[in-house]
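Can you read through this structure? Questions will come right after.
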Amino acid sequence: MSTPVSFENDIKPILQQYMGQMMWRFDMTLYETVKANAADINYQIQSGSMPPQPWDNQLSAEQKQMFADWVYGKCQP
Ligand code: HEM
């Protein structure tokens with residue numbers, strides 16, 4: 001069994017690199033904030049809308065799957 005996806009270990013390091021660009025809306029490094037907006041954020045990530053095109057730093061398929069797994073696992077801290 002693999003370790004469940006956690007915000008601190010897995011999600012925060014990914015979102016942190018986009019923090020400055022999304023600060024106008026929310027701080028993506030805060031657990032409670034990302035949890036509260038998880039469905040919206042997951043939709044943006046899975047649809048490929050966020051990060052926007054063109055932007056150098058896109059998410060890998062593994063990173064997208066990890067975010068979906070985190071939401072499915074009820075957003076563990
Ligand atoms: C994984 C990284 C990112 C995630 C999860 C994310 C998430 C989101 C979400 C959930 C919204 C909708 C907010 C709302 O309207 O309530 C949004 C909008 C927006 N984001 Fe991001 N964002 C990311 C990266 C970025 C980056 C890198 C930029 C700038 C280069 C950016 C610029 C914008 C802008 C301009 C909007 C508003 C316009 C629109 O909805 O297209 N975001 N983002």
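Coordinate-derived values only; no laboratory data. Remember, predicted model here, so these are calculated numbers, not experimental data. Here Cβ is always computed from backbone atoms with ideal geometry, including for glycine, and neighbour counts include all displayed protein chains.
How much length is gained on full extension from residue 6 to residue 69, taking 0.36 nm per residue of separation minus their Cα-Cα distance?
Extra length available between residue 6 and residue 69 comes to 21.7 nm.
I'd like the Karplus ³J(HN,Hα) series for the range 26-32: coefficients 6.51, -1.76, 1.60, θ = phi - 60°, whole numbers in Hz, and an x wherever there's a Gly or Pro.
Rounded to whole hertz, the list is 7, 8, 6, 9, 9, 3, 4.
Mind pulling the angle between the C-alpha long axis of helix 61-72 and the longest principal axis of the chain? Nearest 10 degrees, somewhere in 0 to 90.
Orientation of helix 61-72: about 60 degrees from the principal axis.
Could I ask something else about it? Largest first and to the nearest Å, give the Cα extent of the chain along each principal axis.
That gives 37, 24, 19 Å along the principal axes, largest extent first.
Under the rule of at least 5 residues apart or a separate chain, name every residue whose amide H is placed under 5 Å from the amide H of residue 50.
45
In whole Hz, with x marking every Gly and Pro, tabulate ³J(HN,Hα) for the range 45-53 from phi via Karplus 6.51 cos²θ - 1.76 cosθ + 1.60, θ = phi - 60°.
Coupling constants for the range 45-53: 5, 5, 7, x, 6, 10, x, x, 9 Hz.
Same structure, new question: Sort 36-48, 15-27 by packing, meaning the average of other beta carbons within 10 Å per residue, with the highest value first.
Result, highest mean first: 36-48, 15-27.
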